[in-house]
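A short reminder: the numbers here are calculations on the coordinates, not readings from a lab. Computed from a predicted model, the values in this text were never measured in an experiment. Positions of Cβ are backbone-derived with ideal geometry, glycine not excepted, and every protein chain shown enters the neighbour counts.
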Amino acid sequence: MISNRELFLKNTAQTSESPRLIEVERAEGSYLYGPQGQKYLDLVSGFNVSNIGHRHPRVIAAIKEQLEKYMHVTVYGEFVQAPQVQFATKLLEQLPPFFQSVYLTNSGAEAVEGSMKIAKKFTGRRQIIAAKKAYHGSTQGALSLIGNPAYQEAYAPLLPEIDFITFNDQKDLSHITTATAAVIVEAIQGEAGVRVPDVAYMQALRQKCTDTGTLLIFDEIQTGFGRTGSLFAFEHFGIIPDILMLAKGIGGGMPLGAFVASKEIMDVIKSNPMLGHITTFGGHPVSCAAALASLETILEEKLIDGVAEKAALFREKLNHPQVKEIRGLGLMMCLQIDNFDQVYNISKYCAENGVMIDWYLHCETALRIAPPLTISTEEICEACAIIRQALDKFC
Ligand code: PLP
């Protein structure tokens, strides 16, 4: 019989020459399990998705309950679907009153596309500014914002009137003018290798956007839902963006995204033309039921309260002479080492020894640490012991 691995390579599209080929049979809590009894402590969380761990019982129960009622019924925005309404309401309750309206999507990139559209229509301007070494998704609009020519050249032409500033550099804020529709930034740059900006920078960026009538769009697709030690990372900077983009950890493991704004900004998509931004599966009722259960879990189980302490334990246990720097905020962390060979060998060794870590799109010299927020002290110690062995061996 042909193995799933062979069929994977033969019949599914490949995104690299050397996929990791780790086969997953099931996942539970902090662990992934393979078909031959392999067990991996997951420090990647499906790339910042499984914030409440894999297959949280509350999420599974909510999904089952919704499955008994209905799945897809119509395009987003036409029928009143309780899971969408209940989730949007719960989400808005957690946000400052400025945020009044939620548009539900399928993915992060789709939230980015919608946000760019409403920013252009609301301001009547065309220029969008993004940050160098950003990552906002792989659709053509989102890819236009990536700020790394290596990923753009083969797909040109991308969107016109996109300009780039250096993240966390106040001097570059002068590029934002009254011609700028929006500045789109990650709250913390993830794929650049977890770059946490200064509070002063974020406050100056907010001020510059306010002064020029430019919308500030925050990508919290990696940072949202407790990852950094607050429900949303903008809270660390004492500012409120004009549009908040969410995905990944939003759905408790189910596909979902959202962009959130004031009613005034969001209302531009209602008319002229009507149905100017629609999606068939965006806000899928099963995903929304999962998202509500996941958000309730984060809040009721007070998962955010443990984040700083768990992050401190990682930092203590990974304080290794070959680690140049541990960057990050909360449980969005990276270990800076020297070169990609080390990163590759360490990740491989860790996987062979039951710990899943990874690297970054724009920073191949750092190791990604983003475990479920539910990870226990014992699991952190277990994972760090393996990572230290790998550091000893390959650095
Ligand atoms: N924005 C950020 C910061 C991301 O990390 C990602 C995905 O990795 C995206 C946007 C795109 O999200 P999606 O893959 O759901 O389209």
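Close amide H contacts of ALA182 (hydrogens built in the peptide plane, cut-off under 5 Å, sequence separation of 5 or more or a different chain): ILE129, LEU215.
Expressed as a rounded percentage, what relative contact order does the chain have, with Cα pairs under 8 Å and six or more residues apart? Working shown, then result.
Working: 794 pairs, mean separation 90.4, N = 395.
Reported as a whole number, the value is 23 percent.
Here the Karplus curve 6.51 cos²θ - 1.76 cosθ + 1.60, taken at θ = phi - 60°, turns the phi angles of segment 24-33 into couplings of 10, 9, 7, 9, 7, x, 8, 10, 10, 10 Hz, with x standing for Gly and Pro. Taking amide H atoms as placed 1.01 Å from N in the peptide plane, the amide H of VAL44 lies under 5 Å from those of ALA370, each 5 or more residues away in sequence or on another chain. Lysine pair count for segment 58-300 with Cα-Cα distance under 17 Å and sequence separation of 8 or more or different chains is 9. Tilt of helix 82-93 relative to the longest C-alpha principal axis of the chain, in degrees (0 to 90, nearest 10)? Helix 82-93 and the main axis of the chain meet at about 90 degrees.
Per-residue Karplus couplings for segment 55-64, computed as 6.51 cos²θ - 1.76 cosθ + 1.60 with θ equal to phi - 60°, are listed in order as 6, 4, x, 5, 5, 4, 5, 5, 5, 4 Hz, Gly and Pro entered as x. Backbone amide hydrogens, once placed in the peptide plane, bring LEU159 within less than 5 Å of SER144, excluding anything fewer than 5 places away on its chain. Note on LYS348: lysines with a C-alpha under 19 Å away, same-chain residues under 8 apart excluded, are LYS39, LYS393. Taking other C-beta atoms within 10 Å as the exposure proxy, LEU21, LEU159 rank LEU21, LEU159 from fewest upward. Placing one equal scatterer on every Cα of segment 86-148 and applying the Debye formula, the log10 ratio I(q)/I(0) at q = 0.18, 0.25, 0.27 Å⁻¹ is -0.79, -1.07, -1.11.
Couplings 3J(HN,Hα) of segment 94-101, computed from phi: 8, 10, x, x, 4, 7, 10, 8 Hz, in residue order, whole Hz [Karplus 6.51 cos²θ - 1.76 cosθ + 1.60, θ = phi - 60°; x for Gly and Pro]. Seen from all directions on average, segment 243-395 presents a Cα convex hull projection of 11.7 nm².
So what's segment 58-300 giving for Cα Rg divided by 2.2 N^0.38 Å, two decimals?
0.98
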